[in-house]
Structure formats: C-alpha cells, structure tokens
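Below is one structure, written out as structure tokens; comments come after it.
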Amino acid sequence: MTEYYTPTRVFFGKGAETKLGETLNRDGYKKALLHYGGKSAIESGILERVEKDLLSNGIDYIKVGGVVPNPRVTLVRKAIEEAKKHGSEIIIALGGGSVIDSAKAIAYGLFNTEGDIWDYYLGERKVKGAFPLAAILTLSATGSEMSASSVISNDEGPGYKRGLNSEWGRPKYAFLNPELTYSVSPYQTASGSADIMMHTLERFFHSGEGLTLTDDLSVSLLKSVMAYTPIALSDPKNYEARANLMWAGSLSHNGLMNMGSDSRGDWACHQMEHELSAKYDCPHGAGLTAIWGSWARYVFPSIKERLVILGEKLFSLEGESDVVAEKTIDEMEKFFSSISMPVTIKELGIELSEEDIESLSFGATFHGKRTLGDSFRLGGKEISDIYRMARC
C-alpha cells in the first residue's frame, strides 16, 4: 500500500513570492523567523523584497542567514534559540533545498523540545510535530518545498549527514516563481536537474508490482527535465525551461512518483551519496550521477526488467532485454555527461583510497547497523564494491 499526502499550498508563477505577507497575515501569523543562505539572496534583491513584504503586512520577523550546501546542525541550533527568544510562530525558508532542509530542522526543534535536534536525525528520538513552514524556492533541485524529507550535516562530529523523513516536515506553503532561478549558475542548474531525475529514478527502481500510469508519469517527468535542462543552460532566463524544471522538482519528490508500488523505491544511491558529500562537501546532484551508473551495473540482474521498461519508454530502445537494459544505463550516463555532470567519483575531483572506501561504506551502513537498497540489498562489502567501481 502507498499513501499520497500533499498538504502544501502552492503558489506557482511570476510574482508568486509577493503573496507571502498577505497569506501569513490572513492566516493569523504575526511573528516569523526568516531563514536564508547569504550572498545570492542579498545580491539578487529577493531578501530585501521579502522583508518589505513582511513589514507591509504587519509581520514581525527576525533573520538567521548563513545556510551553506549540506546545511549544518550548528546553525540549526542557533536558529532554534533565536526563534524561541523572538516567539516566532512560523519559519520562512528563502532559498534552495539546503535552506529548506535547515528550516525543517528548526521547525522540528521548536516543536520537539526533548533532547538535541541531532537526536531526531539519528533516529534516537521521534518527532511528534513541527512548527509551520513557508518556502520561497530559488533553486530547482531537491523538491524539499513539497516533500517530507530533510537532510542536515553534523559539523561537530565526524562528518555525518543524516536524513529525517516525517509528514510533519512538509511545508504549509510553497511560493514557486521560476524567475527566481534565472541567476542560478550552469553547474548548479545541471546538478539540480540531476537531483530531480534521481528522485524519480530512485522510486522507479522499486521491487514488486507497480502502476503503468506511475511509470508513464515518471518517464514524462524525466523527459521534461532532459529536454529543458539544456535550454536553461544555454538560455538562463528562458521562463518555460525554468518553470518546467521547477515544477518537475516539486513533483519528483512529493510522493506522486511512488503511487501504486509495493515499496518506496531503492534509495541506495542517495544513502551512498550522503556519505560522499558529508566527507567531501560535493554538490548532491553531482555526487548522485557519479555513483548511479556503477550502482546500476552492480545490481543489474535485480533491476534488469525495470531498466528495460525505462529504456523502451524513455529512449525508445528496442531489442534483446539484456542489450536494452545495458544501453539504458549508457544512455543515462551519456545525458549526465552532456550537461557536465560526473559519471565517476574521480570526475568530482575526488581520489578515493581503499581506506576512504571502507570509511564511506561503514558510514553508509550506520556502522554496520543497516543495509541499503530495495530489489538488491547492499551490505558493507557490496557498498564498498560500488564505491570502488565508481571511483574511476
């Protein structure tokens, strides 16, 4: 059985963010914490515009900036304390997935007051709710603006990166203006598109039965991303391209692409990449493409049938099943390379030693306490083998 829950109220289109203040005012919010990154929010002018909008609607707010890619728990702790002092009633995330994930952690920490926020990401405590969250999206990538997922890093520990999935974490509001992504760099645009694709692929490679309609929706989403990413790279202010990528990002990770399957998908690549980016601070989407091909070849017998379906629907491949499945992996990697995404860890600029591989594998299994994957369960040895395959 699968469950589809989408409580987020979405404002989509040009000027969507201008609805923030009046919406919060209408719904009775008077105090907010405004959470953001830094340089781009300031230089683009979006931070100033949001502040003016809040003030004009009678919303008292405080600011906590400084979110970085792979957001840090130390900033989350600081923001929780600031929000408590201020009496903030809602968290406003202004940025991409890292800012929204950090804001979700703040929202959890304000509601769940027992222990430290990191305890909840380690799974040592269970969240029982969260403060409301509004997201103003400036980067099409993670889908955090509609998802139940949040990932943060512990910069005071040995580089752990941990995720927390809870329906309490879905934002109450999402303001999606594709124009706010015009200034995103080509590399971050491509990395974001890769992340969108991987959120869809992780769900596509599920075990057991599924729905043809969901497969077709997934393929359509992938086709859109593959069609519009090159346009956004060559023409950054192309509204149609940016709008399609933004909406694809939201739909890829809000649960729609999982409906009708007997499992939530594979997610081994995501878990392996979390260890990689926790240690080396690489962009998430790029880390995913660096691992995906090696993972697919390693677990090939278990996912061959799904690879054939994907290859036939996405790339119009024909022929004997083994050949179609292999070509599907090749074609996917060819696309990743065409948008300057790495297909090996070496292409990320990372040289992995055997010691590095064992450390990454140990972390991915939570120190031997879990396996990864769905159709093919990966233990420490198998995870090390895939890292080894992917390193060059």
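The values are calculated or read from the model by the stated rules, or taken from the named source; none is laboratory data. Owing to the predicted nature of the structure, the values given are computational and were not obtained by experimental measurement. All Cβ positions, even for glycine, are placed from backbone atoms using ideal geometry, and neighbour counts span all protein chains on display. Heavy atoms of the whole protein, side chains included, go into the accessibility calculation; ligands, DNA and RNA do not. Shrake-Rupley method; radii C 1.70, N 1.55, O 1.52, S 1.80 Å.
Once the Cα atoms are used to define both axes, helix 354-364 deviates from the longest principal axis of the chain by about 60 degrees. Multiplying the residue separation of Ser220 and Asn165 by 0.36 nm and subtracting their alpha-carbon distance yields 17.2 nm.
Full extension of the chain segment joining Glu124 with Ile42 gains 25.8 nm, where the gain is 0.36 nm per residue of separation less the Cα-Cα distance.
Heavy-atom accessible area with a 1.4 Å probe sorts Glu273, Glu22, largest first, into Glu22, Glu273. Computed from Cα atoms, the angle from the helix 212-234 axis to the main principal axis of the chain rounds to 70 degrees.
Within the shell defined by Cβ-Cβ distances under 15 Å, the residues around Lys19 carry a net charge of 0, with Lys and Arg each +1 and Asp and Glu each -1. For the chain, the antiparallel share of DSSP beta bridges with both residues in that region comes to about 20%. For trypsin sites (Lys or Arg not before Pro), the sites in segment 86-195 that DSSP calls loop and that have at most 12 other Cβ atoms within 10 Å are Lys126, Lys128. Can you work out the FRET efficiency for the pair Glu312 and Met259, with r the C-beta to C-beta distance and R0 = 22 Å, to the nearest 0.05? E between Glu312 and Met259, to the nearest 0.05, is 0.55.
Among the listed values (1) 26.8, 85; (2) 20.2, 59; (3) 20.3, 65, the one matching Rg and Dmax of the Cα atoms in Å as calculated from this structure is (3).
The gain in end-to-end length when the Ser185 to Asp155 segment is fully stretched comes to 8.2 nm, 0.36 nm per residue minus the alpha carbon separation. I'd like the distance between the alpha-carbon centres of segment 171-191 and segment 334-392, rounded to an integer number of Å. Here the two parts' Cα centres lie 28 Å apart. Residues of segment 238-255 with an amide N closer than 11 Å to a point placed 7 Å from the Cα of Tyr4 along the Cα-to-Cβ direction: 255. Only Cα pairs under 8 Å and 6+ residues apart enter the sum, and on that basis the relative contact order of segment 187-323 stands at 33 percent.
So what's the angle, to the nearest 10 degrees on a 0 to 90 scale, between helix 268-280 and the longest Cα principal axis of the chain? Roughly 60 degrees between the two axes. Relative to the Cα centre, the charge distribution of the chain, modelled as +1 at Lys and Arg Cβ and -1 at Asp and Glu Cβ, gives a dipole magnitude of about 1180 debye.
All other residues whose Cβ lies under 11 angstrom from that of Arg125 are scored, Lys and Arg at +1 and Asp and Glu at -1, for a net of -2.
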